[in-house]
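Have a look at the structure below, then the notes.
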Amino acid sequence: MPAIVRILARRLATSLVVLIGVSILIFAIARIIPGDPARIALGPNATADAVAVLRDKLHLNDSIIAQYGYFIADLFHGDLGISLYTNRAVTRDIADFLPATLELVFVSGLMMVMLGIPLGVLSARYRGTWIDHTIRLVTLLGVSAPGFVWAVILMLVFAYFVPIFPVAGRLSDGSGFQPITGFLLFDTLISGNIRAFGDALWHLILPAFALALSGIGQAARLVRSNMVETYNKPYIEMVEAYGFSARRIANRYAFRPSLIPSLTIIGLDFAAMLGNAFLVESVYAWPGLSKYGVAVILRKDLNAIVGTVLIISAMFLIVNIIVDLLVSVVNPRIRLSERPA
Amino acid sequence: MTAPTLKIENLKLGFKLWSGMIEVLHGISLHIGKGERVALVGESGSGKSVTARIVLGMLQEMSSARISGGLTFEGIDLDKLKPRDRHHLRGTRMSMIFQDPTSSLNPVYPIFTQFREVLARANPAISDAEARMKAITALADVSINEPERVLDSYAFQLSGGMNQRVMIAMALANNPSLLLADEPGTALDVTVQAQTLKLMSDLVEQHGTSVLFISHNLGVVREFADRVYVIYKGRIVEQGLTKQLFSNPQHPYTRALLAAVPRITGGGIPDIAEDTAGFHDPLIAHPGASEKELLS
Ligand SMILES: Nc1ncnc2c1ncn2[C@@H]1O[C@H](COP(=O)(O)OP(=O)(O)O)[C@@H](O)[C@H]1O
Ligand SMILES: [Mg+2]
């Protein structure tokens, strides 16, 4: 479909521009934070000479523009520099910590879509009835507290008072499973280790649900309100007049047109989970990017800060591109338009 | 004589709202003989659309609607039918055409998807190929030259006139005995509206379909209808053969309606002075055209 290719190309181009902008911004901000990274890295007992050598090695004595030049040149080789906190390549650190975060966010997003959208459809189809009232009340509860509050509440209830789920981590102690990609659900499956898969899933459910709850509520409420509006459209009156079944009208003729305005917002909510995940990760001692991110900021670990922020922005942009593509698939007006949408 | 296609007796409708009851229909009676084309004429808000929706059984599904009176369809008392059987009439034995064809077609599905589902109302087991063939024939009947292309298009890709033809084709595809046309094509421009009305008129004549033609455009009514009911604020105020009514309007409201100059822009007969004394006069039926006489 040429229109989709065109949309994809446009979005990729704008995303690249955004990424460059973000890199410049975060590059500058990271260097404005007070404190000498070399001194922090080497500790208070290091000699002034040692600090000067490290500063030189890090190009910290060059102009900020020259520093950015070095950074970009390295970036082209897939090199984000060395973290002063872990003494390893930043890319390596990210490869270690990012999968845990992505897995969490991905499963939360799945929950949001698989629970939130059907709840919204149900609510709209039975608008004005007790089903609708119940769903609206429950989802209002969901959106009324941020993810980390749910994280604490769910942990207290389902891991402490009624210990069904584990309190922390991604695998039980002594499971002995060696990750391959770092996406544990995936790794355990491809190595055929069903026990480890169950274990990983068990650890994931509570934090993912906590992170998803407000998204589920938001998606349900959004889908409901867009769909209730759609129910007043002449094309719904038409299919009602022709006696199409209420179920079919709900699941197809009213749902799909109202999905178009809903999708964009659901996509934004999903992307926002990347940010909210930080707090949920802290609550569940989830070994994701959040612990790393906070540590490197406190240590003014320049390369690691810039690398982490860039990777998260890139994830944001990828999610947005996917959502845009989905919208154009659902909306024939975009898919079929001859001029650039 | 055979039973009329539709008989409405003393139909009353009210809505129970937060603010209390509002009465919309105050006991209207009308009927449509087999193959007859009957117009229901009145200004906006007089209760024309709700009447059509009650005939289809749609308003009955609304919890706020209070409905009483008799509805008979081809001799069958609709209120005695099981809800399932009654619902089954929709889209099969009765169908409807709306004001704005383009917004009456779903924007995210191609025409064929909707057409197929309309055909499946009468024949749930219909195959894709069969549905396509039937749809193509139906579209050809409404003078669409490239039915294949139209079927695979979305409503927004087609002109209003084209969409109206599609609506007419869908409405008649299952060969219903009653067509409810609620101000059909009022949203279209005048020439297109006239063309598509002519088309609809020819087709219902061919099929012998009975039509309830709702309109506020008297010019169109005069051309299209065999008989006319004039409705004012939920009451039928005058009824008669089209010829009688136009040559010799009796009720003050009908006279005002006829005297009002129709707007050129697809509208009809707006701007009648509010509540002139005689508008609430009782029903006037032309000789030989009362319910009693016609149904005896
Ligand atoms: N669902 C509803 N709730 C309350 N009032 C309604 C509803 N539907 C229609 N009405 C009222 O009934 C009257 C007749 O409406 P309608 O049949 O649509 O008029 P028209 O003759 O223009 O087609 C109007 O006054 C309208 O406000
Ligand atoms: Mg109306």
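The values are calculated or read from the model by the stated rules, or taken from the named source; none is laboratory data. Predicted model only: the values in this text are computed from it and were never measured. In this analysis, Cβ positions are derived from the backbone assuming ideal geometry, glycine residues included, and neighbour counts consider all displayed protein chains. Ligands, DNA and RNA are excluded from the accessible area calculation, which covers all protein heavy atoms including side chains. Shrake-Rupley method; radii C 1.70, N 1.55, O 1.52, S 1.80 Å.
Worth pointing out:
- Protein accessible area in the range A:1-145, 1.4 Å probe - carbon and sulfur %: 72 percent
- With every protein chain in place, the range A:172-269: carbon and sulfur % of accessible area (1.4 Å): 58 percent
- The range A:134-205-the range A:70-120 distance, computed between alpha-carbon centres (Å): 19 Å
- With contacts taken as Cα pairs under 8 Å at a separation of at least 6 residues, the range A:98-288 carries a relative contact order of 39 percent.
- B:Met96 contributes about 0 Å² of solvent-accessible surface, heavy atoms of the protein only, 1.4 Å probe.
- Neighbouring partner chain Cβ atoms per residue of B:107-114, average, 10 Å criterion: 5
- Bridges between two residues of chain B, per DSSP, are antiparallel at a rate of about 55%.
- For the protein assembly as shown, the solvent-accessible area works out to 47 Å² per residue, with a probe of 1.4 Å and every protein chain left in place.
- Solvent-accessible area, 1.4 Å probe, carbon plus sulfur percent, for the range B:146-203: 51 percent
- When the charge dipole of the range A:98-288 is built from unit charges on Cβ atoms (+1 for Lys and Arg, -1 for Asp and Glu) and taken about the Cα centre, the candidate among A:Ser123, A:Leu206, A:Tyr235 whose Cα reaches farthest toward its positive end is A:Tyr235.
- Accessible area ranking (1.4 Å probe, heavy atoms, ligands and nucleic acids excluded), largest first, for B:Arg121, A:Arg11, A:Arg127: A:Arg127, A:Arg11, B:Arg121.
- Unit charges on C-beta of K, R, D, E only; dipole of the protein assembly as shown, Debye: 500 debye
- Per-residue SASA entry for B:Leu218, accessible area with 1.4 Å probe, Å² rounded to 10: 20 Å²
- In Å², nearest 10: area of A:Arg6 left accessible to a 1.4 Å probe: 80 Å²
- Against the main long axis of the alpha-carbon atoms of chain A, helix A:64-76 sits at an angle near 70°.
- Per-residue [θ]222 nm for chain A (sum of -39500 (n - 2.57) over DSSP H runs n ≥ 4, rounded to 500): -23500 deg cm²/dmol
- The range B:33-133, relative contact order [Cα under 8 Å, separation at least 6], %: 15 percent
- Spatial separation of Cα centroids for the range A:234-281 and the range A:11-47, in angstrom: 40 Å
- Total formal charge among the other residues, if their Cβ is under 11 angstrom from that of B:Thr254, Lys/Arg +1 and Asp/Glu -1: -1
- Ranking by accessible area, most exposed first, for A:Trp150, A:Trp286, B:Trp18, A:Trp130 with a 1.4 Å probe: B:Trp18, A:Trp130, A:Trp150, A:Trp286
- Shape class of the range A:98-288 from the alpha-carbon gyration tensor: prolate, with a/c at 1.5 or above and a/b greater than b/c.
- Charging the Cβ of each Asp and Glu at -1 and of each Lys and Arg at +1, and nothing else, the dipole of chain A about its Cα centre rounds to 1080 debye.
- Taking the C-alpha atoms only, the angle from helix B:128-141 to the longest principal axis of chain B is near 50 degrees.
- Degrees separating the helix A:90-111 axis from the principal Cα axis of chain A, which is the longest one: 10 degrees
- The candidates A:Asp49, B:Asp189, arranged from most to least accessible area with a 1.4 Å probe in the full protein assembly, appear as A:Asp49, B:Asp189.
- For the range A:16-158, size of Cβ-based charge dipole, Lys and Arg +1, Asp and Glu -1, in debye: 520 debye
- Part-to-part distance (alpha-carbon centres) for the range B:1-23 and the range B:81-159, which is given in Å: 29 Å
- Global geometry of the range B:110-193, whether rounded, prolate or oblate, following the gyration tensor of its Cα atoms and the 1.5 cut on a/c: oblate
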